[in-house]
Amino acid sequence: MKKYQKILRLIILVLGAAVAALLVQAWGTQSRAPVTCSAAFGTLDEHNGYMELQILGEHKHEMYFEGQLFIYYPDSQSPPNKLSITRGASGTYAPSIIETDLVPFSRGRSPRNLLPISLPSPGISSRQFPFDSPTFNLKFTINPPIRPKVIRIRNSSPDFILGCETLKSEWKDCGELSITFKLQRNPFVQYSAVIIGIAALLFGFLLGTIKEPENLAVATASFFFSLWSIRAIVSPPNISYSTVFDFWLMAVSVVVLFIVGWRTVGPRHGK
C-alpha cells in the first residue's frame, strides 16, 4: 500500500511541476509579447509611407475585431487628395469601403483621423473562450493603387497577444494588399482556465468520498460557490452569453449533482 502511495505522490509532484512550468512560460510569453509588428516591401528609403492597423479588441457578439486604420504616403509617392480603401469580404461579412480625404501631414499626406474598420475572424468569437485565438486573412484594395512601403500591426487589446512571426503581407500592382497575422488569447489566461476546469472535475469526484451527510453538504456548497466565483474572475467581462468555459463548468456541476445525489440516497456508513 505504501508503495502505491509513493508512486501516486510522485505522479502528483511531477504534474504539479509541469503545471507550474506551463504557467511560468505563459506568464513570460505574455510579458514579452510585442505591441507592434512590422513588415516591409523591398528596400526602405530614408522616409517611408506606411499603413497601420490598430487592434482594439474582440467584438462581444460578432465574429470580428474592432480596429482602426491609418495610412501615410510621403510626397515622393505623389499621394492623391482622396483615397478609397476596400476591405474584402470574409466569411459572412461583406466588403467594407472606406473613402477619405488625404491632408498634409509631416512630409506627405494622411487622413485627418484614424479610420474605424472591422476585421473579420470567421468562425472565431468570444463564445469559444478560452480557445478563441483568430488568424486574420485580410485583403485590401487601395485606389489609386499606391503601395505603402511598411505594414504595421499595433495590438491595443489587453486580452490577446500578437505574434510577429505570423505577420505576412503581399502587394499586387492592381492595388490589392494581403495581410495575414494571428492573435492569441493571453496564454496565461488560457492555461489558467484549462487547469481550473480540470481541477473542478477532480474535486467534484472527490466529493463522492465524503461519508458524513453534514460534511458533504458543507463541502458541496463551498464547491459551487468557489466554482462560479472563479468563473467570474477568469472569463472575459461583459459577456451576456455562455462560452465553452461556461459549458464545461456547467457539465462539471451536473456531474457533481449526480455524485452528491448518489451519496445522499445511498446506504449510510456503518448501517
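The values are calculated or read from the model by the stated rules, or taken from the named source; none is laboratory data. This structure is a prediction, so every number in the text was calculated from the model and none was measured. Please note: Cβ atoms are built from the backbone with ideal geometry, for glycine as well, and neighbour counts cover all protein chains shown.
Here are the numbers for this structure:
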read-out: Candidate set from the range 29-63 (those that are loosely packed, with under 15 Cβ neighbours inside 10 Å and of a type in the set (S, T, Y)); member that is farthest from N155 (Cα to Cα); value: T43
read-out: Candidate set from the range 173-191 (those that are touching a helix residue (DSSP H, G or I) at 6+ places or on another chain (Cβ under 6 Å) and assigned to a helix (DSSP H, G or I)); member that is surrounded by the fewest Cβ atoms within 10 Å (Cβ to Cβ); value: Y191
read-out: Every residue from the range 64-94 that is within 18 Å of E176 (Cα to Cα), modelled with pLDDT of 95 or more, surrounded by fewer than 18 Cβ atoms within 10 Å (Cβ to Cβ) and within 26 Å of the chain's Cα centre (by Cα); value: F70, T86
read-out: From the options S222, S229, residue that is polar (S, T, N, Q) and under 28 Å from the mean Cα position of the chain (by Cα); value: S229
read-out: Residues that are small (G, A, S) and either in contact with a helix residue (DSSP H, G or I) (Cβ under 6 Å, 6 or more places away or on another chain) or surrounded by 12 or more Cβ atoms within 10 Å (Cβ to Cβ) (or both), drawn from the range 224-240; value: S226, S235
read-out: Tally, over the range 171-199, of residues that are in contact with a Ser or Thr (Cβ under 7 Å, 6 or more places away or on another chain) and among the basic types (K, R); value: 2
read-out: Residue in the range 8-27 that is at pLDDT 90 or above, farther than 20 Å from D159 by Cβ, in the same structural domain as P148 (by TED's automatic domain parsing) and not in a loop (DSSP other than H, G, I, E, B) present; value: no
read-out: Flag if S242 is among the polar types (S, T, N, Q) and in contact with a Ser or Thr (Cβ under 9 Å, 6 or more places away or on another chain); value: no
read-out: Residue selected from the range 149-173 under the condition more than 12 Å from the chain's Cα centre (by Cα) and hydroxyl-bearing (S, T, Y), by the criterion nearest to P134 (Cα to Cα); value: T166
read-out: Conditions (1) of a type outside the set (S, T, N, Q); (2) in contact with a helix residue (DSSP H, G or I) (Cβ under 7 Å, 6 or more places away or on another chain); (3) more than 23 Å from P122 (Cβ to Cβ); number of the one not met by A221; value: (2)
read-out: The range 155-185, residues that are of a type in the set (K, R) and under 25 Å from I239 (Cβ atoms); value: K182, R185
read-out: Hey, A199 out of contact with any helix residue (DSSP H, G or I) (no Cβ under 6 Å at 6 or more places or on another chain), on the phi < 0 side of the Ramachandran plot and modelled with pLDDT of 85 or more or not; value: yes
read-out: Residue selected from the range 148-172 under the condition part of a helix (DSSP H, G or I) and touching a residue at least 12 places away in the same chain (Cβ under 8 Å), by the criterion surrounded by the fewest Cβ atoms within 10 Å (Cβ to Cβ); value: C164
read-out: Spans of strands (runs of 3 or more DSSP E) in the range 52-135 with at least 3 residues of a type outside the set (V, I, T); value: 64-74, 82-87, 96-101, 108-110, 115-120
